[in-house]
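See structure below.
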Amino acid sequence: MPFSHRIHVLGKLNTLVKEWIHDVSETKNLPASVIETVGGKIFTFGSYRLGVHTKGADIDALFVAPRHVERTDFFSSFLDKLKEQEEVKDLRAVEEAFVPVIKLSFDSIEIDILFARLALQTIPKNLDLRDDGLLKNLDIRCIRSLNGNTELFRGTSVFGEILPFFSADTLKLCQVGWGALLHSYFQVSSEMFKSGLWLGHLRTFKSKFICHVR
């Protein structure tokens, strides 16, 4: 599937998210002025965010919701809303997983959606997942969804600052593909990932690499 199709699918999914949050907010009797500003957002991670995904690769996404939207809502009424969409196939909820997830195929694009309910009344458009303060007062499942994906978000952010220094010709000359670059930096041990050491190594590489090429 072309990259433009993936963007289109994510746009439709994000629209569904906003519509659903609006509906949930109404059922919970929030003031109309609040309903119009509560927000809610889909974040993507890893290879898709860097634009280096391979053909047929799935998209890992995190659904960030305001505090009045419960996890039970996500696995009930949001799941029902997805079922109503003609483009959605192979829909399945894995609610009891260590990191609960909804898996689906949306217009032939495989997507895994995690859920995190933040302790915020509204979700700002410029929300930065790298803010550790977001982890305060969250249940363990939201922390798991945010923790791993926040590290990947940080990693892809740093990695995204490195990639522009590689021209297409340079990559071909070195016989280094985008996939190989990602594989080198995201295939890390679980211990290093949990400790955050891998992110430090990546930042060190970034500073030395950029200084060298400049």
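The values are calculated or read from the model by the stated rules, or taken from the named source; none is laboratory data. Computed from a prediction, not measured in an experiment: that's the story for all the values here. Positions of Cβ are backbone-derived with ideal geometry, glycine not excepted, and every protein chain shown enters the neighbour counts.
Table for the structure above
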read-out	value
Verdict on Leu91 being in contact with a Leu (Cβ under 6 Å, 6 or more places away or on another chain) and surrounded by 17 or more Cβ atoms within 10 Å (Cβ to Cβ)	no
Counted residues, region 107-142 - those being part of a helix (DSSP H, G or I) and surrounded by fewer than 20 Cβ atoms within 10 Å (Cβ to Cβ)	5
First in region 13-26 and in the same structural domain as Phe106 (by TED's automatic domain parsing), second anywhere and part of a helix (DSSP H, G or I) and at pLDDT 95 or above, Cβ under 6 Å, 6 or more apart	Trp20/Phe78; Trp20/Lys81; Val24/Asp73
Within region 26-103, helices (runs of 4 or more DSSP H) holding 3 or more residues that are at pLDDT below 95	32-35, 46-50
